[in-house]
Amino acid sequence: MKVLAGISQLATCRGHGRQGDIHTIPDAALVWDEGTIKWVGPEAELPSEFRDSERLDAGGRLVIPGLVDCHTHLAFAGWRADEFEQRILGRSYLEIARSGGGIASTVRHTRAASEQQLTERATGFLEEMLALGITTVECKSGYGLDLDAELKLLRVYRRLAAEQPVRIVSTFLGAHIVPAEFRDDPDAYVTLLIERMIPAVGQEKLAACCDVFVEESAFSPAQARRILTAGRRAGLGAKLHADQLSGCGGAELAAEVGALSADHLEHISDRGIAAMAAAAVVAVSLPLASLYLQQPPMPARRLIQAGVPVAVASDFNPGSAPSYHLPLAMTLACTLQSMTPAEALKGATVYAARAVGMEDLTGSLEAGKAADFAIIDAPDVNHWLYHFRPNACVRTVIAGRTKWSSPVFDATRTG
Ligand code: NIG
Ligand code: FE
């Protein structure tokens, strides 16, 4: 049994209530045993049975649930810094893609890379994410786009899940774009996805979810419906990249198929918002992608007003969002989307866990859930996201064990 005391504010982020209800406790204590939370409440009310347990002191800091980055394309080879410069000079993301750059360029590099190379690189990314207080990461395939290369990416994620501490949720995104070799017959690629690739992923239990990029330049809603239905048959929850570059009914389709989430939604329609609210689909906001593509972001306030839970994620990938700094994405959700810091935090914890089907395990601090949390060097949530720093996290704990601790600022002590 362990007790963390000296917490200035503890944001439990329990799932019920509205987006801004993060159910904070001032001057709190947190008790856990064997990786599971036993008690959360005001330190003054700590039950006597826990008073002699091993004690840690948060030093008057903020404690939050471990952050959940519910949308990343973590494993890929190569970078695309040249495209970053081209977009600044005025070329659009789609123009670059049409001339063989964009996703197709990362596919060429990723196909050529070994499982070992991809694993080592992604391990480095995860180490830095862990230091930011991130304890769960959703990882998409989608830069292989043939059976072997897609399975290779998903096996990288399986290895990462076994070999490093951050919890991993894998998503099959074979339907990212139509690969060059199927350009003249995109439906043949859809058939390959449905008849070969998805069943293979299901059989090896290599993914929890299936995602489709629904967009004029990628897959139509009709193709996506077939792909997600095949995913469902193979036991994979549905997710969509929807209404990112144009509005094409992606949000409506997410509601129709009962998706866990619809992500991006920069161009969502009013009908799409109503449909997602009625079907309780999580909207995943990706403000780093909007920022890098110089687009207006998802209209988060309108979604929140309609009662849609809004998650916030990084979208880390080498094109539209080459950063995995989730706290930065959260501050951007505040400044670009008028989400309050509390709303952004609920979006990067319990709603993010819901978006990847992990809400029963992680994403909030309450008895019975995993002891996944971060100690943040700020007095409260507002102060944390307002005073943006390279890293305000001083300790990251997963399943009750400290997995990262700041060498510089961690004044926490046992005793
Ligand atoms: O989420 N929209 C599609 N996929 C990624 C971009 C991937 C890339 O550019 O490599 C996204 O923004
Ligand atoms: Fe994405």
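The values are calculated or read from the model by the stated rules, or taken from the named source; none is laboratory data. All values reported here derive from a predicted model rather than from experimental measurement. All Cβ positions, even for glycine, are placed from backbone atoms using ideal geometry, and neighbour counts span all protein chains on display. Note: areas computed on protein heavy atoms with side chains; ligands, DNA, RNA excluded. Shrake-Rupley method; radii C 1.70, N 1.55, O 1.52, S 1.80 Å.
See the values below:
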{"quantity": "Criterion: more than 19 Å from T349 (Cα to Cα), touching a residue at least 24 places away in the same chain (Cβ under 8 Å), open to solvent by less than 10 Å² (accessible area, probe 1.4 Å) and among the small types (G, A, S) - qualifying residue of A289, A274", "calculated": "A289"}
{"quantity": "Residue that is farthest from ligand 1 (Cβ to nearest atom) [pool: residues in the range 303-320 that are among the small types (G, A, S) and open to solvent by 10 Å² or more (accessible area, probe 1.4 Å)]", "calculated": "G307"}
{"quantity": "Single match in A254, A259 (criterion: farther than 20 Å from F316 by Cβ, of a type in the set (G, A, S) and assigned to a helix (DSSP H, G or I))", "calculated": "A254"}
{"quantity": "Members of the range 108-129 that are open to solvent by 10 Å² or more (accessible area, probe 1.4 Å) and either within 16 Å of ligand 2 (Cβ to nearest atom) or under 28 Å from L260 (Cα atoms) (or both)", "calculated": "T123, F125, E127, E128"}
{"quantity": "Per-region count, the range 372-399, residues touching a Ser or Thr at 6+ places or on another chain (Cβ under 9 Å) and not in a helix (DSSP H, G or I)", "calculated": "17"}
{"quantity": "Number of the exception - R98 against (1) within 16 Å of ligand 1 (Cβ to nearest atom); (2) touching a helix residue (DSSP H, G or I) at 6+ places or on another chain (Cβ under 9 Å); (3) open to solvent by 50 Å² or more (accessible area, probe 1.4 Å)", "calculated": "(2)"}
{"quantity": "The range 138-181, subset within 16 Å of ligand 2 (Cβ to nearest atom) and part of a loop (DSSP other than H, G, I, E, B), residue most open to solvent (accessible area, probe 1.4 Å)", "calculated": "I177"}
{"quantity": "Failed item, numbered, when T135 is tested on (1) open to solvent by less than 20 Å² (accessible area, probe 1.4 Å); (2) of a type outside the set (A, V, I, L, M, F, W, C); (3) out of contact with any strand residue (DSSP E or B) (no Cβ under 7 Å at 6 or more places or on another chain)", "calculated": "(3)"}
{"quantity": "Residues of the range 220-250 classified as at positive phi and open to solvent by 20 Å² or more (accessible area, probe 1.4 Å), total", "calculated": "2"}
{"quantity": "Unique match (being of a type in the set (V, I, T) and either over 30 Å from L361 (Cα atoms) or modelled with pLDDT under 95 (or both)) among T123, T119, T110, T135", "calculated": "T110"}
{"quantity": "The range 289-326 - residue that is away from ligand 2 (no atom under 14 Å from the Cβ) and of a type in the set (D, E, K, R) and, of those, nearest to M276 (Cα to Cα)", "calculated": "R302"}
{"quantity": "Checklist (1) touching a Leu at 6+ places or on another chain (Cβ under 9 Å); (2) within 16 Å of ligand 2 (Cβ to nearest atom) applied to A29, failing item", "calculated": "(2)"}
{"quantity": "Some residue of the range 199-209 being free of Cβ contacts under 8 Å to residues at least 60 places away in the same chain, assigned to a helix (DSSP H, G or I), buried (at least 20 other Cβ atoms within 10 Å of the Cβ) and away from ligand 2 (no atom under 16 Å from the Cβ)", "calculated": "yes"}
{"quantity": "Output for the range 239-282, where each listed residue is among the small types (G, A, S), within 22 Å of the chain's Cα centre (by Cα) and more than 16 Å from ligand 1 (Cβ to nearest atom)", "calculated": "A255, G258, G272, A277, A279, A280"}
{"quantity": "Residues of the range 277-286 satisfying the condition of being open to solvent by 30 Å² or more (accessible area, probe 1.4 Å) and outside any helix (DSSP H, G or I)", "calculated": "A280"}
{"quantity": "The range 355-386: number of residues that are surrounded by fewer than 17 Cβ atoms within 10 Å (Cβ to Cβ) and of a type in the set (D, E)", "calculated": "2"}
{"quantity": "Residue check for L74: within 16 Å of ligand 2 (Cβ to nearest atom), surrounded by 24 or more Cβ atoms within 10 Å (Cβ to Cβ), of a type outside the set (D, E) and closer than 30 Å to L385 by Cβ", "calculated": "yes"}
{"quantity": "Residues within the range 328-354 that are open to solvent by 10 Å² or more (accessible area, probe 1.4 Å) and either of a type in the set (K, R) or closer than 28 Å to G78 by Cβ (or both), tallied", "calculated": "3"}
